[in-house]
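Scroll down for the structure; my scribbles are underneath it.
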Amino acid sequence: MIMKKKKKKTLIFTTAFVLLFSCLLSGCGIGTSETTKLRDLEFTIVSEERLPEELKSLIEERKATEFKVTYSDKEYLYICIGYGEQETGGYSIAVNDLYLADNAIYISTSLLGPGPEDKTSDAPSYPYIVVKTEYLDKSVVFE
């Protein structure tokens, strides 16, 4: 009876070890996936005056906090990123990357603060950017 328990424990341990070892050897990476960049997307930065009214209202409601929103009119895709309330004015936003991958559209932006020589308003600001690109029926990944 003791031998059966010992053999059973050894069998379980050996099976677990083999599974773990084979997973490591096969390069199995839990949660890691590479995206294949298909092409860069052309885009335009849209000023507040040229935004669709529905999108303008949506941004107005959310601008005090950080937000990431997409909006489509089936002709264009609008990708909106807001950085919430900042203590002063003088902020800008850079688009680092916007590209189509096999599984989604990827966008990366950065908030750029005012330089030491920049004259800024003491009033809070709500920096956001709206990027307009071709309509593609893909999800958007904010990096």
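The values are calculated or read from the model by the stated rules, or taken from the named source; none is laboratory data. Here the structure is a predicted model, which is why all the values come from computation and not from measurement. Note that each Cβ is placed from the backbone with ideal geometry, even for glycine, and that neighbours are counted across all protein chains shown. Quick note on the areas: whole protein, heavy atoms, side chains included, nothing else; ligands and nucleic acids left out. Shrake-Rupley method; radii C 1.70, N 1.55, O 1.52, S 1.80 Å.
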Seminar exercise, completed: Scanning the range 87-104 residue by residue, those more than 22 Å from Thr44 (Cβ to Cβ) and in contact (Cβ under 8 Å) with a residue 40 or more places away in the chain turn out to be Asp102, Asn103
Exercise. Can you tell me how many residues in the range 87-114 are at pLDDT below 95, among the small types (Gly, Ala, Ser) and more than 16 Å from Lys63 (Cβ to Cβ)?
Worked result: 2
For this session: Could you identify the single residue in Glu60, Glu34, Glu117 that is modelled with pLDDT of 95 or more, open to solvent by 90 Å² or more (accessible area, probe 1.4 Å) and either assigned to a strand (DSSP E or B) or not small (Gly, Ala, Ser) (or both)?
Result: Glu60
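Answer with yes or no whether Ser139 is modelled with pLDDT of 95 or more, open to solvent by 60 Å² or more (accessible area, probe 1.4 Å) and of a type in the set (Gly, Ala, Ser). Lay out the reasoning, then the answer.
Details: modelled with pLDDT of 95 or more: yes; open to solvent by 60 Å² or more (accessible area, probe 1.4 Å): yes; of a type in the set (Gly, Ala, Ser): yes.
Criteria met by Ser139.
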Exercise. Within the set of pairs 6 or more residues apart or between chains, which connect a residue that is among the basic types (Lys, Arg) inside the range 57-72 to a residue that is open to solvent by less than 60 Å² (accessible area, probe 1.4 Å) with Cβ atoms less than 6 Å apart?
Worked result: Lys63/Gly82; Lys68/Ile81; Lys68/Phe142
Exercise. In the set Leu100, Leu136, which member is closer than 19 Å to Thr35 by Cβ, out of contact with any Asp or Glu (no Cβ under 6 Å at 6 or more places or on another chain) and not in a strand (DSSP E or B)?
Worked result: Leu136
Exercise. In the range 105-143, which residues are touching a residue at least 40 places away in the same chain (Cβ under 8 Å) and basic (Lys, Arg)?
Worked result: Lys132
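Look at Gly82 and say whether it is free of Cβ contacts under 8 Å to residues at least 40 places away in the same chain and open to solvent by less than 30 Å² (accessible area, probe 1.4 Å). Explain how you work it out, then say what you get.
Values: free of Cβ contacts under 8 Å to residues at least 40 places away in the same chain: no; open to solvent by less than 30 Å² (accessible area, probe 1.4 Å): yes.
So Gly82 does not fit the description; no.
Hey, among Tyr76, Tyr106, Tyr71, which residue is closer than 18 Å to Leu136 by Cβ, open to solvent by 70 Å² or more (accessible area, probe 1.4 Å) and not polar (S, T, N, Q)? Steps first, please.
On the way: Tyr106 fails: open to solvent by 70 Å² or more (accessible area, probe 1.4 Å); Tyr71 fails: open to solvent by 70 Å² or more (accessible area, probe 1.4 Å).
Tyr76 is the lone residue from the list that is closer than 18 Å to Leu136 by Cβ, open to solvent by 70 Å² or more (accessible area, probe 1.4 Å) and not polar (S, T, N, Q).
How many residues does the range 86-115 contain that are within 20 Å of Thr65 (Cα to Cα) and of a type outside the set (A, V, I, L, M)? Break it down stepwise before answering.
Within the range 86-115, the first condition is being within 20 Å of Thr65 (Cα to Cα), and the residues that meet it are 86-95, 107-114.
Going one step further and asking which of them are of a type outside the set (A, V, I, L, M), we end up with 86-92, 108-110, 113-114.
Residues that pass the stated criteria total 12.
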